[in-house]
1. Inspect all residues belonging to segment 296-303 and state whether any of them is assigned to a helix (DSSP H, G or I), of a type outside the set (Phe, Trp, Tyr) and surrounded by 16 or more Cβ atoms within 10 Å (Cβ to Cβ).
2. Give the number of residues within segment 186-220 that are within 16 Å of Gln337 (Cα to Cα) and of a type in the set (S, T, N, Q).
3. Kindly establish whether Gln361 is touching a Ser or Thr at 6+ places or on another chain (Cβ under 7 Å) and either over 28 Å from Arg39 (Cα atoms) or surrounded by 16 or more Cβ atoms within 10 Å (Cβ to Cβ) (or both).
4. Would you mind stating whether Asp55 is without any contact (Cβ under 8 Å) to a residue 60 or more places away in the chain and either not assigned by TED's automatic domain parsing to the domain that holds Ala190 or not small (Gly, Ala, Ser) (or both)?
5. Checking Pro135 against (1) crowded, with 19+ Cβ neighbours inside 10 Å; (2) within 30 Å of Glu157 (Cβ to Cβ), only one condition comes out false. Which one?
6. Return the residue satisfying two criteria in turn: it lies in segment 182-204 and is more than 11 Å from ligand 2 (Cβ to nearest atom) and among the acidic types (Asp, Glu), and of such residues it is nearest to the chain's Cα centre (by Cα).
7. Would you tally the residues in segment 112-127 being away from ligand 1 (no atom under 12 Å from the Cβ) and not β-branched (Val, Ile, Thr)?
8. State all residues of segment 127-146 that are outside any loop (DSSP other than H, G, I, E, B) and either farther than 30 Å from Thr165 by Cβ or touching a Gly at 6+ places or on another chain (Cβ under 9 Å) (or both); if no residue qualifies, say none.
Amino acid sequence: MTSFLKTTDISIDGARTLSREYYTSPEIFGEELEHIFLRRWLCAGREDRLTNPGDYFLAEVGRESVLVLKDRDGGYRAFYNVCRHRGTRLCEEHAGNLGPNIQCPYHAWTYGLDGHLIGAPSTADLEHFDKAEWPLFPVAVASWEGFLFINLAERPEPFEEAWSTLSGRFSRFNLPNLKVARTIDYDVKANWKLLFQNYSECYHCGPVHPALSRLTPPTSGENDLTEGPFTGGFMVMTRGAESMTMSGKSCGVAVGDLPEEDMTRVYYYAIFPNMLLSLHPDYVMFHTLWPRGTDRTFIRCSWLFHPATLGDPTFNPDDGVEFWDMTNRQDWHICEQSQLGVESRAYRPGPYSRRESLSAQFDREVLRSLGR
Ligand code: FES
Ligand SMILES: [Fe+2]
C-alpha cells in the first residue's frame, strides 16, 4: 500500500533557493552535464518512435549527439553519433530510417545496425587494421513502460536498480499500450533546474494557472515520493471536473484499469533528471528536458491516449492537449521571468515555503549529484 503525505507535512528545514551561479555559471552547467546528464538514465522518448528496423532518432545531451535506433532483430540500440574514421557525425537529420546500415557521409565507412564496422573503402592494404576493432561507441539503452532511456556513463548503474522505486508503480495506467496523439516542442529561455523546481510545486498555481486552479485546488493532494531522485504525488479534482481539459470534461476512455479514487486524481512525478510524468484518468502527458545552456532548455511534451480514444471521433484529445499547452506556456513564461530575475546582481537565495518541499528536495538531489 502506498502511503501519502501532505506537502506541508514534509520538513523544509530552513531550505533556501540556490545561489545565482547555479543559473548562470558555465562551469557549474558543465559539471551538471558531466555528473548528471552524462551519468544518469535519461528518458529519450517513446519506443513507438522506432517501429521498423533502421528507424532512428537523435538525442542531444549537452554537446553529445546519440543515435537511438531499432536493429535488425527489433532490439533497441544507441551509439554516439561519431564515425570511427575521422569522427564525423553520422546523421544530421533528427529522425528517419537508416536502411540496412549506417553510412558515414564523409568517406563512406559503413556500420551495421549493431554498430559493427562492415565497410571501410581502401583500407585493405592498411597494416594492423582490423574492422572488428572499430565498432561505433555504444550508449546503454533500457525500456520501461513503453519509454526508452539512454545512459552515456562508461559504467551505467543498472537500469533496474536505478528505477527500482518506480517499478510496477504505474502498472494500472497501462503505459506500454498508450499511443502518442500529439507532441509539441518548446524552446525555453530558462535553466533546466527552474523548470524542474516549477513542476515540483503548486504554490505558484493560484497566481500562474487560474484555469488549472479551478480544476484542482492548489492545496489539494498528497505526495508518496518525497526523497531521492523521484518525487511526486497527486492532486484532487474539484467535484464535477472529470479531467484536466479546457472543458473540464474527460477527453477519452480511461487509460487503464483505474480504481475509483484515480478517476478524480491527477498524478505528477518528477523523474530526475529529465522526465516529468503527469497521469490523468483519460490521458498521460510526459515532458523530457534537454539543457542547452545555463539559460536555455529544449522541452519536448507528448500526450498519450488509450488507442480506443484515438479511434473514436466522439472524443476530442485536443481538449487535453490545449489545456496543457496553455498551462505549459504559463510555466515556461514565469520560469523565463525567474531566470532573468535570478541573473540580477541583486538576487539572493530566498526561503522556500513548506509547499515547495519537493523543489527543495530537487535542489538537494542536484547538489548531492555534484558532490556538494
Ligand atoms: S569520417 Fe566517417 S568515413 Fe571518414
Ligand atoms: Fe505550473
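1. So far as segment 296-303 goes, no, none of its residues is assigned to a helix (DSSP H, G or I), of a type outside the set (Phe, Trp, Tyr) and surrounded by 16 or more Cβ atoms within 10 Å (Cβ to Cβ).
2. The total comes to 3.
3. Values: touching a Ser or Thr at 6+ places or on another chain (Cβ under 7 Å): yes; either over 28 Å from Arg39 (Cα atoms) or surrounded by 16 or more Cβ atoms within 10 Å (Cβ to Cβ) (or both): yes.
Against the criterion (touching a Ser or Thr at 6+ places or on another chain (Cβ under 7 Å) and either over 28 Å from Arg39 (Cα atoms) or surrounded by 16 or more Cβ atoms within 10 Å (Cβ to Cβ) (or both)), Gln361 qualifies.
4. yes
5. All conditions pass for Pro135, except number (1).
6. Looking at residues that are more than 11 Å from ligand 2 (Cβ to nearest atom) and among the acidic types (Asp, Glu), I get Asp185.
7. Taking segment 112-127 as the starting set, the residues that turn out to be away from ligand 1 (no atom under 12 Å from the Cβ) are 112-116, 118, 124-127.
When the remaining residues are screened for being not β-branched (Val, Ile, Thr), the result is 112-116, 124-127.
Matching residues across segment 112-127 total 9.
8. Step one: list which residues in segment 127-146 are outside any loop (DSSP other than H, G, I, E, B), which gives 131-133, 138-144.
Hits for segment 127-146 are Lys131, Ala132, Glu133, Pro138, Val141.
The values are calculated or read from the model by the stated rules, or taken from the named source; none is laboratory data. As the structure is a computational prediction, the values presented were derived from the model and not from experiment. Every residue, glycine as well, gets a Cβ built from its backbone with ideal geometry; the counts of neighbours run over all protein chains shown.
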